[in-house]
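Below: one structure, written as C-alpha cells.
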Amino acid sequence: MGNHSKKEWLQWQLTETQQLLEVSKDSLLMKVSLENRIEDIKRQLKELEEHSVEAKISLLFAGNAVLGSMGIKSSFASKTMSSIQGMIKTQIVYDAYGEERIGKRGKLGKTKMGEMFLTGLPQGSFGFELSLMNNEDLFAEDYAANSIKEVMDIIQATATDQEQYEKLVSNHPSRMFTYLKDFFKELASENSMLKMESGSHYVELSVDDNMTGYARTTSTHCQENNIRINGVFKGAFVESGKFEFLDEDGNIKHGKISEDIDEDMIVEYIRRYSNENCTMMILERNFTFKDGRESTSYELIDIQKEIGK
C-alpha cells in the first residue's frame, strides 16, 4: 500500500473512531481507549507527511486486460511494465546527469541506476508495484522518488494537456517519447483506465484520457533532415549535452549533442571551434502536432572547418 492509500485509510479510520467516540462518552473505559486510538492515528498521519519520499510506484488497471481483482493479461503487464520502467530509468539518469549521459548509446541499458524490481501485485482492480532496491548510491532513492513523480506527471500531461505535451516532446530525450507512445498504445488497445501512486503523489486517468493520450502520441509526426549549416559555433556544455550556434542569418539557436559524440569530442569541439566560423552537420527534427502547431529541434552530428575556406 502506497502512502496515498495509507493516508486515505488512516483518515477513514480517524473519522470512524471520532464518530464512535461521540456515541461512547458514557463509558470511561471506551472513551480512554478511543482517545488513545485517535492520537495514534494522528501520529501515523503526521509521520506519513514527514516521510513522503518513496522510490516505488503502484499501477492499477481496469479494462479488457484485467479480470476483476483476480488477474491481468501477462502480455499487457509485461509491455506496460517495460514501458514504465524505461520511462523511469530514462528520467532518473536525465535528472541525475543530464541528456549527455542518456545519449551514450548502450550505457543507459547497462547502468543499474534506476533499475526497478517487481515487489507487489496490488489489487482493488489489478496491477503491479515497482520499487528501487539494492542500490549502493546513497542519493539514488531521492533521485528515483522525484523522477517517478515526474514520469507520472508526464503521463498525465500527455493524456490531459496538449500544450504541456508539446513542450515535453521538445524538451525530453527521444527515448522518453518512444516509451510513452508504447505505454499508451497498450492502454488504448485494452480500453484500460489507470491509477498510479507513489508516496503521496496520485494520478488517475480514465479510459477516455488514455485514448486521448494515445491519439496525441500517434498523431505526432517527426520529419528528420540532415543539414549543413555554415555559421558560428558558440559553445557547448559537457554535463548537459547542449550546444549553441549562430546561423547564417544571425539567429542564435540551441540544440542537443548527438548520442555518438562522447565527452572528449565535445571538449575538443569547444577548444577548436568556439566562436569560430565552421560547418556544422546537424540533424534537424520538425515536429507536427495534432493541433497543427510545429516545433523544431537540432542535434549536432559533427563540426568541420568551414567548407569552401
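The values are calculated or read from the model by the stated rules, or taken from the named source; none is laboratory data. A quick note: this is a predicted structure, and the numbers were derived from the prediction, not measured. Positions of Cβ are generated from backbone atoms using ideal geometry, with glycine treated the same way; all protein chains shown enter the neighbour counts. When the accessible area is computed, the model is the full protein with side chains, heavy atoms only, and any ligands, DNA or RNA have been set aside. Shrake-Rupley method; radii C 1.70, N 1.55, O 1.52, S 1.80 Å.
Overall, the range 134-261 carries a charge dipole of about 380 debye about its Cα centre when +1 sits on the Cβ of Lys and Arg and -1 on the Cβ of Asp and Glu, all other atoms neutral. Comparing Ile148, Ile84, Ile72 in a Gaussian network model of the chain (Cα springs below 10 Å), the most mobile by mean-square fluctuation is Ile72.
Taking the chain as a Gaussian network of alpha-carbon nodes connected by springs under 10 Å, the highest mean-square fluctuation of the residues Glu276, Glu22, Glu129 belongs to Glu22. Comparing Gln13, Gln164, Gln85 in a Gaussian network model of the chain (Cα springs below 10 Å), the most mobile by mean-square fluctuation is Gln13.
Applied to the range 24-31, the Karplus parametrisation 6.51 cos²θ - 1.76 cosθ + 1.60 on θ = phi - 60° returns per-residue 3J(HN,Hα) values of 10, 5, 6, 9, 4, 4, 5, 4 Hz, with x for Gly and Pro. Sorted from greatest to least, the principal axis extents spanned by the alpha carbons of the chain come out as 97, 40, 33 Å.
Geometric descriptor of the range 159-228, per residue, is 110 Å³ (volume of the convex hull of the Cα atoms).
Taking Met211, Met280 and ordering them by how much accessible surface each has at a 1.4 Å probe, largest first, produces Met211, Met280.
Compared with the dominant Cα axis of the chain, that is its longest principal axis, helix 74-97 is turned about 60°.
Net charge dipole, the chain: roughly 520 debye, given to the nearest 20, about the Cα centre with Cβ charges of +1 for Lys and Arg and -1 for Asp and Glu.
Under a 5 Å amide H cut-off, with hydrogens placed 1.01 Å from N, Phe128 pairs with Leu59 among residues at least 5 apart or on other chains.
Counting only protein heavy atoms and using a 1.4 Å probe, the accessible area of Val23 comes to about 120 Å².
Gain on full extension, evaluated as 0.36 nm per residue between Ile38 and Ser189 minus their Cα-Cα distance, stands at 49.8 nm. Taking a ≥ b ≥ c as the square roots of the eigenvalues of the alpha-carbon gyration tensor, the range 151-309 is classed prolate because a/c is 1.5 or more and a/b outweighs b/c. Per-residue ellipticity at 222 nm from helix content only, as computed over the chain with -39500 (n - 2.57) for each DSSP H run of at least four residues, stands at -15500 deg cm²/dmol.
Considering only beta bridges that DSSP places wholly inside the chain, some 95 percent are antiparallel. Simple rule: put +1 on each Lys or Arg Cβ and -1 on each Asp or Glu Cβ in the chain, find the dipole, and look at Ile227, Ser75, Phe61; the Cα lying farthest toward the positive end is Ser75. Assign one of three labels to the range 197-257, namely rounded, prolate or oblate, based on the Cα gyration tensor with a ≥ b ≥ c the square roots of its eigenvalues; rounded applies when a/c is under 1.5, prolate when it is not and a/b is larger than b/c, and oblate otherwise. It comes out oblate by the Cα gyration axes.
The angle between the Cα long axis of helix 162-171 and the main principal axis of the chain comes to about 50°, on a 0 to 90 degree scale.
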